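To start, the structure itself, in structure tokens.
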Amino acid sequence: MKTITNKDLMRRANSKLVLQEIFNNDYITRAEISRHLGLNKSTVSSIYDELKEEQLVEEVGEGAASHVGGRKPTNIRIYASYGFTINFDISYHNLHFMANYLDGSVIAQAETTIHQKNIHEILAIIEHQIDQYV
């Protein structure tokens, strides 16, 4: 059994922060992530390499070089097609449904009346919606 150390916990926390920073921007560079989060560039690059290997992020071209020259940075973003989320909102009369790619773009959305339906009928509707996408 592997012992979890403070180093492991810090790495997980940093990975979540990096992924969140990428998610919250259309595209961003590793240097920008480093500046925004106050993390070492090598830490961000290492985390980025892991995320890229897992196909959670993708490269989307080069950014502009700095005013002092140097190599152009690589823009990165969330790889939207990696997966999706399914969301439900149950109100008194209606069940609202939405499926989204990981970048937040909408795959589908729908609404159905659930007025006077019992919980088992509502759950059957939810299961049917999930089955359509899984």
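The listed residues are Gln55, Gln116, and the only one of them that is part of a loop (DSSP other than H, G, I, E, B), free of Cβ contacts under 8 Å to residues at least 60 places away in the same chain and under 19 Å from Tyr27 (Cβ atoms) turns out to be Gln55. For segment 1-50, the candidate set comprises residues that are of a type in the set (Val, Ile, Thr) and part of a helix (DSSP H, G or I); within that set, the residue that is farthest from Asn75 (Cα to Cα) is Thr43.
Kindly check whether there is at least one residue in segment 47-66 that is assigned by TED's automatic domain parsing to the domain that holds Ile119, among the small types (Gly, Ala, Ser) and either closer than 30 Å to Ile122 by Cβ or modelled with pLDDT under 90 (or both). No: zero hits.
In segment 64-72 there is no residue that is charged (D, E, K, R) and closer than 26 Å to Arg11 by Cβ.
For (1) under 20 Å from the mean Cα position of the chain (by Cα); (2) within 23 Å of Gly83 (Cα to Cα); (3) not β-branched (Val, Ile, Thr), each residue gets a yes or a no:
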residue	(1), (2), (3)
Asp8	no, no, yes
Ser15	yes, yes, yes
Asn25	yes, yes, yes
Ala31	yes, no, yes
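Here Gln132 clears all of (1) out of contact with any Ser or Thr (no Cβ under 6 Å at 6 or more places or on another chain); (2) surrounded by 13 or more Cβ atoms within 10 Å (Cβ to Cβ); (3) over 24 Å from Asn24 (Cβ atoms) except the condition numbered (2).
Counting residues in segment 24-45 that are modelled with pLDDT under 90 and closer than 30 Å to Met98 by Cβ gives one or more.
Inspection of segment 105-115 identifies at least one residue that is under 15 Å from the mean Cα position of the chain (by Cα) and of a type outside the set (A, V, I, L, M). Does segment 91-112 contain any residue that is on the phi > 0 side of the Ramachandran plot and in contact with a strand residue (DSSP E or B) (Cβ under 7 Å, 6 or more places away or on another chain)? Checked against the condition, which is being on the phi > 0 side of the Ramachandran plot and in contact with a strand residue (DSSP E or B) (Cβ under 7 Å, 6 or more places away or on another chain), segment 91-112 yields no hits at all. Ala13 falls short of the stated requirement of being surrounded by 11 or more Cβ atoms within 10 Å (Cβ to Cβ) and aliphatic (A, V, I, L, M). One residue is enough: does segment 18-38 have a residue meeting the conditions touching a Gly at 6+ places or on another chain (Cβ under 6 Å) and among the β-branched types (Val, Ile, Thr)? Within segment 18-38 (the criterion being touching a Gly at 6+ places or on another chain (Cβ under 6 Å) and among the β-branched types (Val, Ile, Thr)), the answer is yes, since at least one residue qualifies.
The values are calculated or read from the model by the stated rules, or taken from the named source; none is laboratory data. The structure presented is a predicted model; accordingly, all values stated were derived computationally and were not measured. Glycine also receives a Cβ, built like all others from the backbone with ideal geometry; neighbour counts cover every protein chain displayed.
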